[in-house]
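Bear in mind that the values in this text are calculations on the coordinates, not laboratory data. Quick caveat: nothing in here was measured; it's all calculated off a predicted structure. FYI the Cβ positions are ideal-geometry reconstructions off the backbone, even for glycines, and counts take in every protein chain you see.
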Amino acid sequence: MRLALTMDPLQDSDLLFAQQLGVQQIIADIARWDAPSLAAARNRVEEAGLQLVGIESLPVQAYVSAIKGEQGRDGEIAQVCEMLRRMGQAGISLVGYRWAIPGPASLPADGQARGGASGKVYAKGAAPRSAETEGERERRWQNLAYFLQAVLPVAEEAGVRLAYQPTLAAPGLLRDGEDLEQLFRLAPSSFHGLDMDHGLLALAGEDPGAMIRRWVGQGRILVAQVRSFRATDEGYEEGFLDEDREGLFRALHAYREAGFAGPLRPAPSPRMVGDTPWGHKGYAFSIGYLRALLQAMG
Amino acid sequence: MKIALYVGMTEEEVQFSRQLGLRYVVSSLPPNPKGYLELDDLLRARDFFARAGLSFDVIENLPVLHYHKVMFGLPGREEQMDNVCTTIRNMGIAGIPVLQYQWMLLGGLRTEYSPTGRGGARVSRFDWEVAKRSPLAALDWRRSPDLLIHAPDRPLSSEQVWENITYFLQRAVPVAEEAGVKIAAHPDDAPIPSFMGVARILSSPEGLQRLIDTYPSPCNGLGFCQGTVATMAGVDMVEQIYRFGRQGKIFFAHFRNPQGAVPKFDEVFPDEGDTDMVAAVRAYREVGFDGVIRVDHAPGMVDDWPHGNRTFAFQVGYFKGLVDALEMMDAAAAPARGGN
């Protein structure tokens, strides 16, 4: 398990920042997918003496029709396959993807986190298995199966692993343990897995520790993401990592026990006073906190 | 253990502390021309922090200009001691329980601040050889002309300096006892036995013990600067936490983890220094230390803010993580107390 930061790697000062925090692995948040941009991202990270482990996620806009199962999806899928091939050529071997169309109704609201930091609050309506009919659910799975059947062979050939990213930011998602198991059955390729978020699974009423142990053993967890949620009357508030220290500690313990060797990345913290848009202060805090928990576990 | 940052009286700084989840602050007041810290100023500071939900528990430090004649044993020291006693009484009234002071006649010593740390972070260094070659460059108070006048022409032996601090303790400690204020001595950083002919008496565990024994009192103890103790040659810092912590003499502490020790050390990030910090935090827990521990200086990071928010956020996260981890591990290891 190695600490990783998600950033736009074209900022040299941010790569230095990562190194100063003792972080060796970078997950790139990029906007351009042409071959030179991908190569530049990788070169920049490696020239700084760090490792580019993957790209944060495929842009959902590139496969909206595929999610909806609408006409035009084959063109989109061809486009996604091309992105994967370019990644492979650039030697970048991991990318996240989502299966939800974020809309205005599902975006988080601004909330007050600790000490007046600005955090995100997700409406409870966005909780697992909300208002979704059987038919919708079935179609969602069919669309996903169609997508993965087309995309995964290309990913395998390109040497790129796809990590499904559960998210609270949109309704009607596959997010709880049962859904994720179904997803693994649907696409049993070793190039397909999960960007694991123990906090989300805990909100879904699951025991993240048991899932981490099982899925790490099966090679399903490609990335581990950590964040802290608190349930309030209004919804789910994202907080600082130490605010759910028990949940985090149990999750890290499970990763450690199961021998997880992938990247461990903190989600953004609530925005701290005077911080940059990316959140340097918040990330510095999170990395320090995680480093200490891992050291203390021995 | 009460984790704190050194915080100035600005809204942004107190907010930063609160967002990091801190409840305590360490702060100071500027030297007062009257020679003592006035009650109104102390109350204003205390209330300012209290409104933000932060408890102002430690003054770091007693302004040197309020007692430098005592340090050097110069005429006028009686009057300065009267004023120091007034400061202590005012702190007692204001309910600020700990006053840290230091006995570095020539101040703190460093010889370099260069981008030699992890990822090119700026690291401060002490190298005794360099300090011997260019002593004036190693003095960090050199901007203070009031003190410079005492420097090179006034050698002071260890016994002379002990006499001076003994006078200080004899006057200050009884007042501290009455006022309910603990006075905490910071060790000499860098911990070398003398510099430019002036003794540095609090540069070894024996020196710290002698300070405690010079005037035994529940109000006479240490500002246990971990980094300074860790850089004392041949000293196991964690052992010193047990030694002084078990005597109840750690009134306040600094969290820092350097690499190396006298004659040469670097102030690196706390997760890469020589001390096993997990063992250090365990030691504080085992001796029952319940005072304030302040996150200390750390390397300068790229594009950081004037108050070092990046480097301090990292340090607070790291320190909190150690404390939280040990609390949770101990709770998990505790025998279950179920049933009746």
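Here are the numbers:
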item: Gained length - residue B:217 relative to residue B:272, 0.36 nm times residue gap less alpha-carbon distance; result: 16.1 nm
item: B:254, A:253 arranged by Cβ crowding within 10 Å, fewest neighbours leading; result: A:253, B:254
item: Cα-Cα separations in segment A:8-145 greater than 18 Å, expressed as whole percent; result: 67
item: Sorted by Cβ neighbour density within 10 Å, fewest at the top, the residues B:2, B:320; result: B:2, B:320
item: log₁₀ of I(q)/I(0) at q = 0.17, 0.18, 0.28, 0.29 Å⁻¹ - segment A:160-224, Debye sum with one point per alpha carbon; result: -0.52, -0.59, -1.44, -1.52
item: Chain A - Kirkwood radius from inverse mean 1/r over Cα pairs (Å); result: 19.6
item: In nm, spacing of pseudo-spin labels at residue A:2 and residue A:137 (7 Å Cα→C-beta vector); result: 4.1
item: For segment A:192-255, Kirkwood radius (reciprocal of mean inverse C-alpha pair distance, Å); result: 12.0
item: Computed [θ] at 222 nm, helices only, for the protein assembly as shown once each DSSP H run of length n ≥ 4 contributes -39500 (n - 2.57); result: -13000 deg cm²/dmol
item: Segment B:287-317-segment B:1-71 distance, computed between alpha-carbon centres (Å); result: 16
item: Value in Å of the Kirkwood radius, where the protein assembly as shown supplies the Cα pairs that are averaged; result: 27.0
item: Per-residue ³J(HN,Hα) for segment A:49-62, Karplus 6.51 cos²θ - 1.76 cosθ + 1.60, θ = phi - 60°, Hz, x for Gly and Pro; result: x, 10, 10, 8, 8, x, 10, 3, 6, 5, x, 4, 4, 6
item: Separation of the residue B:44 and residue B:23 label points, Cα + 7 Å toward Cβ, nm; result: 2.9
item: Order of A:168, B:136 - criterion: other Cβ atoms within 10 Å of each residue's Cβ, fewest first; result: B:136, A:168
item: Nitroxide proxy distance, nm - points 7 Å out along Cα→Cβ at residue B:209 and residue A:214; result: 5.9
item: Pairs of lysine residues in chain B - Cα separation under 21 Å, sequence separation of 8 or more or cross-chain; result: 6
item: Estimated FRET transfer efficiency (residue A:10, residue B:79; beta-carbon r; R0 60 Å; 0.05); result: 0.45
item: Per principal axis, descending, Cα span of segment A:75-114 in whole Å; result: 44, 28, 11
item: Centre separation in Å (Cα based) which lies between segment B:212-270 and segment B:163-197; result: 15
item: Antiparallel DSSP beta bridges within segment A:2-296, as percent of all bridges there, nearest 5; result: 30
item: Bins of 5 Å from zero: percent of alpha-carbon pairs in segment B:137-283; result: 2, 9, 17, 20, 19, 16, 11, 5, 1, 0
item: Antiparallel %, DSSP beta bridges [both residues in the protein assembly as shown], to 5; result: 30
